[in-house]
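The values are calculated or read from the model by the stated rules, or taken from the named source; none is laboratory data. Source: prediction; values computed, not measured. Cβ placement follows ideal geometry from the backbone for every residue including glycine, while neighbour counts extend to all protein chains displayed.
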Amino acid sequence: MEDQGAIDRRTALLAGLAVAGLSATGARAAPAPATETIALWPKGAPGMPARPPVLKVDSYSKDPAVQDRVLSGIARPSIEVFRAARPNGGAMLIMPGGGYTDVVVDKEGNEVARWLAGQGITCFVLTYRLPAEGWANPADTPLSDAQRAIRLIRAHAGKYGIDAKRVGAMGFSAGGHLCADLATRFAARVYEPVDAADGLSARPDAAAPIYPVISMEPGVTHAGSRANLIGADADAARTAAHSADRNVTAQTPPCFLLHAEDDDVVPVENILRFRAALRAKGVTTETHLFPDSGHGFGIRQIGAKSVAPWPGLFLAWAARVGIAG
């Protein structure tokens, strides 16, 4: 029988090949395309401003061969479905970052979804509404989209060949805050039910905030995310209410935490606070800190950095908590 270390090392190697777009034989692997778009709110999102946001699509990419779109003006939030070619029954809701100013849909969304779909996990990339675009309840607007997305995934589990009890969540940067917010406030009533799906649980079965904003406390948080979500001048009570480390309970799902210690955008203190809060409540937690990988690397920019093993580490953890096969 193989020891767990050997299995995890092989998982990390195969994951690295997958991230590079290669199979174990070195052949180029075809990326899994999005197969469907699901509107979260078919009759219109709650709290719509009198002048709805107008979708804007920009790009960070200077290479025409690389897609790196950022979205803002999102009035019709949705989830893009990436079906696994060989589904193992697990699912992952992916929440890209963008400082709650925009949604970095390719680098921290679709690319990660294609990779995980190649590992057998059916993925759903969330394009969520941005809090500073006029919504009636801005601080809880992204969370309402995340809760609704989890519920819709469970409602359609049979259609996508997934197990409704094996639905995880992953988020990056501000999307990591949304992931942690979902993991800690999944039961908060932040919108009125619209159909039968809203009778289902919004609790993810596992959560992976990656280089996340966690705290809204000045000096620890990412200032732009704080300003967009709760306002730069938010008082102490509002700050605490939207700091994920202050909302952990024993019902928070198992968490995989990842951060670079030299991150100069979102201080590593964020994840350390979240880890301490999780451990204090007895929540199973796996934490990885890397010395020199900065911020916003996703899977595209890991290269030879110390963070390069993270995809394999994540897959090994996902298998242990039941999301991966």
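Has the range 278-292 got any residue that is modelled with pLDDT under 95, basic (Lys, Arg) and in a loop (DSSP other than H, G, I, E, B)? Checking the range 278-292: not a single residue is modelled with pLDDT under 95, basic (Lys, Arg) and in a loop (DSSP other than H, G, I, E, B). Here ALA50 fulfils each of the conditions (1) closer than 20 Å to ASP198 by Cα; (2) part of a loop (DSSP other than H, G, I, E, B); (3) not polar (S, T, N, Q) apart from (1).
Restricting the range 297-325 to residues that are modelled with pLDDT under 95 and charged (D, E, K, R) leaves a set whose member that is farthest from the chain's Cα centre (by Cα) is LYS305. Summed over the range 46-61, the residues that are over 22 Å from the mean Cα position of the chain (by Cα) and loosely packed, with under 14 Cβ neighbours inside 10 Å give a count of 4.
ILE79 passes every criterion in (1) surrounded by 24 or more Cβ atoms within 10 Å (Cβ to Cβ); (2) touching a Pro at 6+ places or on another chain (Cβ under 9 Å); (3) aliphatic (A, V, I, L, M) apart from (2).
For the range 37-75, residues that are aromatic (Phe, Trp, Tyr) and modelled with pLDDT of 95 or more total 1. Restricting GLY44, GLY99 to those that are assigned to a loop (DSSP other than H, G, I, E, B) and touching a helix residue (DSSP H, G or I) at 6+ places or on another chain (Cβ under 6 Å) reduces the list to GLY99.
Counted as qualifying within the range 131-245 are the helices (runs of 4 or more DSSP H) with 2 or more residues that are among the hydrophobic types (A, V, I, L, M, F, W, C), namely 141-155, 174-185, 223-229, 236-241. Screening the range 168-209 for residues that are polar (S, T, N, Q) and over 9 Å from the mean Cα position of the chain (by Cα) and picking the one that is surrounded by the fewest Cβ atoms within 10 Å (Cβ to Cβ) gives SER201.
Within the range 282-325, the residues that satisfy the criterion of being over 16 Å from VAL266 (Cβ atoms) and either of a type in the set (D, E, K, R) or touching a helix residue (DSSP H, G or I) at 6+ places or on another chain (Cβ under 6 Å) (or both) are THR285, GLU286, ILE299, ARG300, LYS305, PRO309, PRO311, GLY312, LEU315, ALA316, ARG320, ALA324.
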